[in-house]
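Below is one structure; the comments refer to it alone.
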Amino acid sequence: MAQKEQLYAKTLVWFRRDLRTDDHAAFYHALKAGRVVYCAFVFDTDILQSLPQRADRRVEFIWHSVLELAAALRGAGGELLVLHGSAREEIPKLVASLGVQAVYANRDYEPQARRRDAAVAGALAALGVLFQDCKDQALFEGGEVLTQSGRPFSVFTPYKNAWLKQLENSPLKHYVTEMYFDRLAKPAAPVMPSLSDLGFEYTNLKQLGLGTGMSGASDLLRAFEKRIDAYAAARDFPALEGSSRLSVHLRFGTVSIRRLVAKARAHPGRGAAVWLSELIWRDFYFAILLHHPHVVRSAFRPEYAALEFENRADHFAAWCAGRTGYPLVDAAMRQINQTGYMHNRLRMLTASFLVKDLGIDWRWGEKYFADNLNDFDLAANNGGWQWAASTGCDAQPYFRIFNPVTQSEKFDPEGRFIRSFLPSLARVPARFVHAPWKMSTSEEGSAGCVIGRDYPAPIVDHAVARAKTLARYAKARQAS
């Protein structure tokens, strides 16, 4: 039967943000459709040259994951052709040299990636070669989950309900690739470029405990399964090991979304159900980006397009450096600066603080996260920032403004997380660690922390900032 389904003498699978061999839609279809199947990955200079830092954990994560992918393909009897250059040029050139008739890749929803794929598809068409993109990154794409009137959802809860109903009607598919490994080609492959060849440096990635590649994803998933029942209760507390820590693996496809959804559904209880909701948010934001690409540059909600921000450069610099005087905000910013990771609760808090306490355009913060997060994903990052800024779909109402002190008291009550990133507050008593400026002079001396010298005083008064934010949003709403 498999022999009759072969359509092409030679196919090629183009790996991108899907660095695995298992449960991989494009790889499966390329294997199934070709008698001889080539595999390629491009370190795309169009992307790499735009990165602001040469010590970039994401590039190192990809590099290690590609190395593991190459070893896995070699062990299966194939070879990964690892190229360095513009993918728009390298893929058509490689296809022409190999005599391939069809190229398979998994679909990407980001505007820049869609433009790249359109350019590659056009170049391949000129060669008489098919470009076939496959659904893999999302469980359900934007056009698959719609309202009863056939429109895209803009509110999460009804989207989630429709998504779950769709899942009941469409059983999870697992793309079994192993049965076709005898079709893998083993061409002479160029030496994989080193990190320095790519123009990048090693980072502290290995010390973060995230692992890399398929093996790293599997290790984290096994560990998370042991504590998944506690996820609903523990996930909001940054000092606890409450999250799955799989976001960077999901971002670069070292594990499939189908595998994670299957794991969530296999576990009864609220913890797994809440985790599944988080995975559904990912599809929701993909759909928003697909149907409303203007969100990349402007507010989803047009009434907030005219918000007048203060945009003080000194306040933005203090936020970036973790020097705002609000301990949980500062600890969170130092976490992202030192590790490339930030706990989800803290992403919401720091975003709210930047926009609604400091009066700074959400796009400034969105870009900072884009430059520094290991798991940066355009759709989720944009959706999260617009949620916090109250400019997005199903957003936090503009009049609900996180209080950085009460958030700190609630989600880091003993200050364990704060002290782990702010050593100047190590001896500050728990009753003051959330608002250390309330210490007396003698208490500062006992704690070895003088406010204004060892740790900054608050750069804004939250109550005053809140009143200014309410007025700012009210003015924009009136203007619209």
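The values are calculated or read from the model by the stated rules, or taken from the named source; none is laboratory data. Computed from a predicted structure; not experimentally measured. Here the Cβ is made from the backbone with ideal geometry for all residues, glycine too, and neighbour counts use every protein chain on show.
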Selected residue [more than 24 Å from Ser390 (Cα to Cα), surrounded by fewer than 20 Cβ atoms within 10 Å (Cβ to Cβ) and more than 15 Å from the chain's Cα centre (by Cα)] from Glu310, Glu241: Glu241
Residues within segment 3-49 that are at pLDDT below 95 and farther than 28 Å from Phe140 by Cβ, tallied: 3
Residue within segment 125-136 that is within 29 Å of Asp371 (Cα to Cα) and within 20 Å of the chain's Cα centre (by Cα) present: yes
Unique residue being under 29 Å from His64 (Cβ atoms) and not in a helix (DSSP H, G or I) when the list is Tyr231, Tyr175: Tyr175
Test: residue in segment 59-67 that is modelled with pLDDT of 95 or more and surrounded by fewer than 18 Cβ atoms within 10 Å (Cβ to Cβ): yes
Answer residue from segment 364-379, given it is out of contact with any Leu (no Cβ under 9 Å at 6 or more places or on another chain) and in contact (Cβ under 8 Å) with a residue 24 or more places away in the chain and is nearest to His315 (Cα to Cα) among those: Phe369
Pick from segment 158-200, criterion of a type in the set (Phe, Trp, Tyr) and over 22 Å from Ser277 (Cβ atoms), ranking: surrounded by the most Cβ atoms within 10 Å (Cβ to Cβ): Phe200
Within segment 201-221, considering residues that are assigned to a helix (DSSP H, G or I) and among the hydroxyl-bearing types (Ser, Thr, Tyr), the one surrounded by the most Cβ atoms within 10 Å (Cβ to Cβ): Ser218
Condition met for Ala125 (free of Cβ contacts under 8 Å to residues at least 12 places away in the same chain, part of a helix (DSSP H, G or I) and of a type in the set (A, V, I, L, M)): yes
Test: residue in segment 448-469 that is in contact with a strand residue (DSSP E or B) (Cβ under 6 Å, 6 or more places away or on another chain) and not acidic (Asp, Glu): yes
Helices (runs of 4 or more DSSP H) fully within segment 252-367 counting 1 or more residues that are assigned by TED's automatic domain parsing to the domain that holds Lys165: 257-266, 270-291
Residue within segment 399-419 that is under 30 Å from Val296 (Cα atoms), surrounded by fewer than 19 Cβ atoms within 10 Å (Cβ to Cβ), among the aliphatic types (A, V, I, L, M) and at pLDDT 95 or above present: no
Residues within segment 346-360 that are under 17 Å from the mean Cα position of the chain (by Cα) and crowded, with 21+ Cβ neighbours inside 10 Å, tallied: 4
Qualifying positions in segment 326-338 - crowded, with 20+ Cβ neighbours inside 10 Å and either among the polar types (S, T, N, Q) or at positive phi (or both): Gln335
